[in-house]
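**Q** Pasting in a structure now, in structure tokens, and then I'll have a few things to ask.
The values are calculated or read from the model by the stated rules, or taken from the named source; none is laboratory data. Because the structure is predicted, anything quoted here is derived from the model rather than measured. Reconstructed Cβ throughout: ideal geometry from the backbone, glycine too, with neighbour counts over all protein chains shown. Note: accessible area is taken over every heavy atom of the protein model, side chains too, but ligands, DNA and RNA are not part of it. Shrake-Rupley method; radii C 1.70, N 1.55, O 1.52, S 1.80 Å.
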Amino acid sequence: MIFMEGYVGFFIFILGLIVGSFLNVCIVRMPQGKSIVTPRSQCVHCQKTISWYDNIPLISYLLLRGRCRFCKQKISFRYFMVELLTASLFFSFYYQYGLRIILLPYLVMLSGLIVATFIDFQHRIIPDEVSVGGMIIGIIFSLSIPGLQGVAMAEHHWVYSHLESLGKSLLGILVGGGSIYAMGMIGELLFRKEAMGGGDVKFLAMVGSFLGWKLVLLTF
């Protein structure tokens, strides 16, 4: 059993590396309004298409010493950091929750948080694809997996369990977005300038759709 858990944990870590590599694409392209599917990854300096063997998470960055194979320009350390961070957090969440269905929505939410954080650091925006899209996904997960909102599945009350979970998700959206909006209004009155943007409101509303109103208040 211990060996099996180790193998699963290793797989989850590798999955995190792969997802982290994709999240890097999202972080670069979303603010530019580009597709995150096509074209294949390119060097941001010389626009050369990156071969698969130069796109292996962590390993390729180390082998290339953080530079493009073609133009020798420096590759941002953020690529390495996002891949390692995502893999480490994926493993941590697996260690906490095990290989249960509830792990999936948490990993999806975690991926959205990573993308939003790094885009916000650089561009001071949070794309609607992350916040609004994540909000919709959070609602769907809450409706499908009542345990995400702490709702126990009753054998003879299947529909009610799912509807209760959905209600908690919707309330989480209102409380999450509303708390940030109220803080922004107070800050605007005090400082006579915008204190919170609309992206922040939608972002915490997205978190609320996954966590419900109690945990989103703790997050706030």
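**Q** Identify, from the list 98, 167, 133, the residue that is over 26 Å from residue 7 (Cβ atoms) and either over 12 Å from the mean Cα position of the chain (by Cα) or surrounded by 19 or more Cβ atoms within 10 Å (Cβ to Cβ) (or both).
**A** Values: 98 fails: over 26 Å from residue 7 (Cβ atoms); 133 fails: either over 12 Å from the mean Cα position of the chain (by Cα) or surrounded by 19 or more Cβ atoms within 10 Å (Cβ to Cβ) (or both).
Of the residues listed, the single one that is over 26 Å from residue 7 (Cβ atoms) and either over 12 Å from the mean Cα position of the chain (by Cα) or surrounded by 19 or more Cβ atoms within 10 Å (Cβ to Cβ) (or both) is 167.
**Q** Further question on the same structure: Select from segment 40-58 the residues that are open to solvent by 70 Å² or more (accessible area, probe 1.4 Å) and hydrophobic (A, V, I, L, M, F, W, C) and write down the one among them that is nearest to residue 25 (Cα to Cα). Spell out how you get there, then give the answer.
**A** Within segment 40-58, the first condition is being open to solvent by 70 Å² or more (accessible area, probe 1.4 Å), and the residues that meet it are 40, 42, 44-45, 47-48, 52-53.
Cutting the leftovers down to hydrophobic (A, V, I, L, M, F, W, C) gives us 44, 52.
Values: 44: 11, 52: 14 Å.
Checked segment 40-58; the qualifying residue nearest to residue 25 (Cα to Cα) is 44.
**Q** Turning to a different aspect of this structure: With the structure loaded, tell me whether residue 30 is open to solvent by 40 Å² or more (accessible area, probe 1.4 Å), part of a helix (DSSP H, G or I), more than 13 Å from residue 91 (Cβ to Cβ) and of a type in the set (A, V, I, L, M, F, W, C) or whether it fails that test. So that I can check it myself, show each step before the final result.
**A** Values: open to solvent by 40 Å² or more (accessible area, probe 1.4 Å): no; part of a helix (DSSP H, G or I): yes; more than 13 Å from residue 91 (Cβ to Cβ): yes; of a type in the set (A, V, I, L, M, F, W, C): yes.
Considered against the rule, which asks whether it is open to solvent by 40 Å² or more (accessible area, probe 1.4 Å), part of a helix (DSSP H, G or I), more than 13 Å from residue 91 (Cβ to Cβ) and of a type in the set (A, V, I, L, M, F, W, C), residue 30 comes out as no.
**Q** Right, something else. Take the conditions loosely packed, with under 14 Cβ neighbours inside 10 Å and at pLDDT 95 or above and apply them to residue 119. Does it pass?
**A** No: the conditions fail for residue 119.
**Q** Now for a different question. Considering (1) open to solvent by 50 Å² or more (accessible area, probe 1.4 Å); (2) in a loop (DSSP other than H, G, I, E, B), say which one residue 4 fails and leave the rest.
**A** (2)
**Q** Still on this structure, please answer the following. Given the condition surrounded by fewer than 17 Cβ atoms within 10 Å (Cβ to Cβ) and at pLDDT 90 or above, answer yes or no: does some residue in segment 204-211 qualify?
**A** Of segment 204-211, the ones surrounded by fewer than 17 Cβ atoms within 10 Å (Cβ to Cβ) are none.
The answer is no, given that none of the residues of segment 204-211 is surrounded by fewer than 17 Cβ atoms within 10 Å (Cβ to Cβ) and at pLDDT 90 or above.
**Q** Tally up the residues in segment 59-92 that are part of a helix (DSSP H, G or I), open to solvent by 40 Å² or more (accessible area, probe 1.4 Å) and polar (S, T, N, Q), please.
**A** 2
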